[in-house]
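Notes follow the structure.
The values are calculated or read from the model by the stated rules, or taken from the named source; none is laboratory data. Keep in mind it's a predicted model, so treat the numbers as computed, not measured. Quick reminder, even Gly has a Cβ in these numbers, built from the backbone with ideal geometry, and neighbours come from all protein chains shown.
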Amino acid sequence: MTQKVKQEIVAMNGDEAVAFAVKQCDVDVVAAYPITPQTIIVEKFSEYVANGEVQTEFVCTESEHSALTACLAASVTGARTFTASASAGLALMHEMLFVTSGSRAPVVMAVANRALSSPLNIHGDHSDSMAERDSGWIHIYVENAQEAYDSIVQAFKIAEDVGVSLPIIVGLDGFTISHTLERVDVLSEDAIKKFVGERQFPMVLTHEGKTVPFKLDPENPMTMGPNALPNYYFEFKRQQEEGMRNALKKIQEVNSEYAKISGRSYGNGLIDAYKLDDAEIAIVCIGSTAGTLKVIVDQLREEGVKAGVLRLRTFRPLPSEELRNALKNIKVVAVMDKSMSPGGLGAAVFNEVRNALYDLKQRPIMVNYIFGLGGRDSSPRDLRRIFEDLAKIAKTGLVEKQVHYLGLRE
């Protein structure tokens with residue numbers, strides 16, 4: 001990695017880092033509705049608009065459903081668009097999440113991950129975005145405020161790629177990242193605008209026989225999201241899957257390109273492996289928990305324990321091949337989930353990772369640890385206990401329970 005662009009050190013929480021990245025990305029339309037712990041993002045951005053620091057059209061709608069609808073409408077006319085939400089707000093968007101991805105509209109959305117009611121809880125877990133994992137959006141989860149800034153910048157370049165043309169959720173842990181003040185190194189606005197570039201459009205053939213950019217334009221009329229009966233609907237969905245497959249490569253390319261100007265990369269953009277090369281036991285997780293786990297791994301390594309961590313940065317599209325290559329030689333793997341799938345065998349990340357590894361001739365023993373629901377803290381002692389459990393399984397080969405609840409009173 002080579003850092004070619006001068007950067008400024010600033011103190012920001014994760015929400016402010018997101019808003020600042022959006023400010024630098026030359027966004028045309030931001031439509032949003034406030035909800036904790038996301039509110040700071042749109043509050044801060046509204047200040048940029050009010051102060052004349054951006055030329056963005058800011059639309060404060062009456063609900064999150066309307067916010068995403070406004071972003072979709074703006075995006076399909078060619079505008080670069082952004083929104084942000086969390087928890088019940090994201091759930092209220094549910095219908096429009098599918099409409100947006102099905103329309104191939106590259107909207108970027110920050111989600112300050114938060115628990116869903118009932119009972120009411122405003123703190124951070126991943127139940128909100130995990131409930132939307134099949135909505136056709138790319139999902140990227142960040143470890144800290146710095147990565148939140150960097151990932152928003154990257155998200156526009158990924159989403160708007162003509163081979164991808166899909167919306168993106170960038171998830172940051174509610175309060176843990178959204179409200180925690182951290183050092184963030186920011187690039188200049190000129191450098192960011194040059195990196196992101198202008199929005200590009202796929203070229204399509206209209207009913208008039210003209211090849212034109214894929215956007216709503218009175219001069220070149222076309223229809224988006226029409227009634228598709230059984231003889232066409234399936235093909236639309238298959239095309240979205242092709243966009244997801246293309247995104248696997250594009251996310252890696254953008255991660256590498258960004259490293260050249262910033263000096264920062266996040267694994268290969270899909271997974272971020274830490275001391276896995278010779279590891280015998282490992283934990284897979286998403287989000288901010290990875291930072292604490294890396295410290296614990298360092299301590300265990302000093303004690304002679306061959307432990308490692310794999311942070312799954314990109315959850316959709318799932319980087320199955322990368323997961324297999326990274327974990328194929330590990331004896332025992334614990335997958336941590338900050339959400340539940342009531343009635344299922346383990347939670348979302350566990351099921352996805354286990355599925356990816358199933359066809360390996362020699363696959364690791366796998367267990368699931370559900371933790372942190374409703375923002376419950378998991379201490380370093382709790383996290384270290386997972387590695388201790390894995391070491392016992394590696395020694396005996398016995399799994400007493402496949403699904404564990406970390407730090408739960410029961």
- Would you confirm whether any residue within the stretch 234-246 is assigned by TED's automatic domain parsing to the domain that holds L72, outside any loop (DSSP other than H, G, I, E, B) and closer than 28 Å to L187 by Cα? yes
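Any idea which of S178, S151, S188 is modelled with pLDDT of 95 or more, surrounded by fewer than 18 Cβ atoms within 10 Å (Cβ to Cβ), in the same structural domain as F45 (by TED's automatic domain parsing) and under 19 Å from N13 (Cα atoms)?
On the way: S178 fails: surrounded by fewer than 18 Cβ atoms within 10 Å (Cβ to Cβ); S151 fails: surrounded by fewer than 18 Cβ atoms within 10 Å (Cβ to Cβ).
Residue meeting the stated conditions: S188.
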- The residue from K215, K260, K210, K249 that alone is touching a helix residue (DSSP H, G or I) at 6+ places or on another chain (Cβ under 9 Å) and either surrounded by fewer than 18 Cβ atoms within 10 Å (Cβ to Cβ) or not assigned by TED's automatic domain parsing to the domain that holds I365 (or both) is K215
- From the set of residues in the stretch 1-35 that are out of contact with any strand residue (DSSP E or B) (no Cβ under 8 Å at 6 or more places or on another chain) and polar (S, T, N, Q), which is surrounded by the most Cβ atoms within 10 Å (Cβ to Cβ)? Q3
- Message: Just to check your reading of the model, which residue among E62, E95 is farther than 18 Å from L116 by Cβ and of a type in the set (D, E)?
- Response: E62
- Message: Among the listed residues V305, V295, V367, V353, identify the single one that is closer than 22 Å to A391 by Cβ, among the aliphatic types (A, V, I, L, M), in a strand (DSSP E or B) and touching a residue at least 12 places away in the same chain (Cβ under 8 Å).
- Response: V367
- Just name the residue that is nearest to F214 (Cα to Cα) out of those in the stretch 70-95 that are among the hydroxyl-bearing types (S, T, Y) and not in a strand (DSSP E or B). T77
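Out of all the residues in the stretch 330-350, which are in a loop (DSSP other than H, G, I, E, B) and more than 24 Å from the chain's Cα centre (by Cα)?
Those that are in a loop (DSSP other than H, G, I, E, B) and more than 24 Å from the chain's Cα centre (by Cα): I330, K331, G343.
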- Filtering the stretch 28-44 down to residues that are part of a loop (DSSP other than H, G, I, E, B) and over 17 Å from L72 (Cα atoms) yields P34, I35, T36, P37, Q38
- Query: So which residues in the stretch 45-69 are surrounded by fewer than 21 Cβ atoms within 10 Å (Cβ to Cβ), out of contact with any His (no Cβ under 9 Å at 6 or more places or on another chain), part of a helix (DSSP H, G or I) and not charged (D, E, K, R), if there are any at all?
  - Reply: S46, Y48, V49, A50, S66, T69
- Going by the conditions given, is G304 surrounded by 19 or more Cβ atoms within 10 Å (Cβ to Cβ), at pLDDT 95 or above, on the phi > 0 side of the Ramachandran plot and not aliphatic (A, V, I, L, M)? no
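Does F98 fit the bill of being in the same structural domain as E253 (by TED's automatic domain parsing), farther than 22 Å from A131 by Cα, aromatic (F, W, Y) and not in a strand (DSSP E or B)?
Numbers: in the same structural domain as E253 (by TED's automatic domain parsing): yes; farther than 22 Å from A131 by Cα: no; aromatic (F, W, Y): yes; not in a strand (DSSP E or B): yes.
No: the conditions fail for F98.
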- Message: Could you check the stretch 71-98 and list, in sequence order, the residues that are touching a residue at least 40 places away in the same chain (Cβ under 8 Å), of a type in the set (A, V, I, L, M, F, W, C) and surrounded by fewer than 18 Cβ atoms within 10 Å (Cβ to Cβ)?
- Response: A88
- With the checklist (1) part of a helix (DSSP H, G or I); (2) basic (K, R); (3) buried (at least 19 other Cβ atoms within 10 Å of the Cβ) in hand, flag the one item R311 doesn't pass. (1)
